[in-house]
Amino acid sequence: MSKYCALLSGPTIAHDEKLKNELEEFAVVLSSCDNRQIESILNDNKVDLIILEIPNANLQEIEVIKIVKTRFPDTEIILVDGNGDQELIAHAFAFGVKDAFRKPYKTSLIVERANAFMRLT
């Protein structure tokens, strides 16, 4: 069975070794501290799932979701929100995010959701 590919993108989640190690049980894991690099990474790799950290209530950063879902519609996205901003989360779901977690998040819940999404692909 070939492994799936997951991307951890965001300033702190890209360095979460526990999350990375648990995801590596069923996926190849890429990481980027800079969400502006996502499109380039997706152009070079078949990514099944992005775990996207938006550290601030920044609607400009949420635009990356629109770009990903337009150009790579089969790539699922889980949002990790640093502020719990309800408007930001509503926009994220409208743009195609499948699930959202607030910081501090529970690693095991994200891993279970990621595994479930990847099994559906």
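Quick notes on this structure:
- With R₀ set to 25 Å, the beta-carbon distance separating Leu120 from Glu25 gives a calculated FRET efficiency near 0.90.
- Calculated log₁₀ intensity ratio I(q)/I(0) where the Debye formula runs over C-alpha points of the stretch 1-72, q = 0.15, 0.28 Å⁻¹: -0.47, -1.35
- Computed E for Asn56/Ala94 - FRET, C-beta separation, R0 22 angstrom, nearest 0.05: 0.70
- Full extension of the chain between Ile67 and Asn83 yields a length gain of 3.5 nm, computed as 0.36 nm times the residue separation minus the alpha carbon distance.
- Overall, the chain carries a charge dipole of about 200 debye about its Cα centre when +1 sits on the Cβ of Lys and Arg and -1 on the Cβ of Asp and Glu, all other atoms neutral.
- Modelled spin labels at His15 and Cys33, positioned 7 Å past Cα toward Cβ, are 0.7 nm from each other.
- Trypsin sites (Lys or Arg not before Pro) restricted to DSSP loop in the stretch 50-121 with at most 16 other C-beta within 10 Å: Lys98, Lys106
- Of all accessible heavy-atom area on the chain, the percent that carbon and sulfur account for (1.4 Å): 49
- Relative contact order (percent, whole number), the stretch 1-100, Cα cutoff 8 Å, 6+ residue spacing: 27
- MRE, 222 nm, helices only [DSSP H, n ≥ 4, -39500 (n - 2.57), over the chain, to nearest 500]: -12500 deg cm²/dmol
- Enclosed volume per residue, in Å³, of the convex hull spanned by Cα atoms of the chain: 89
The values are calculated or read from the model by the stated rules, or taken from the named source; none is laboratory data. A quick note: this is a predicted structure, and the numbers were derived from the prediction, not measured. Here Cβ is always computed from backbone atoms with ideal geometry, including for glycine, and neighbour counts include all displayed protein chains. Side chains included, ligands, DNA and RNA excluded: accessible areas come from the protein's heavy atoms. Shrake-Rupley method; radii C 1.70, N 1.55, O 1.52, S 1.80 Å.
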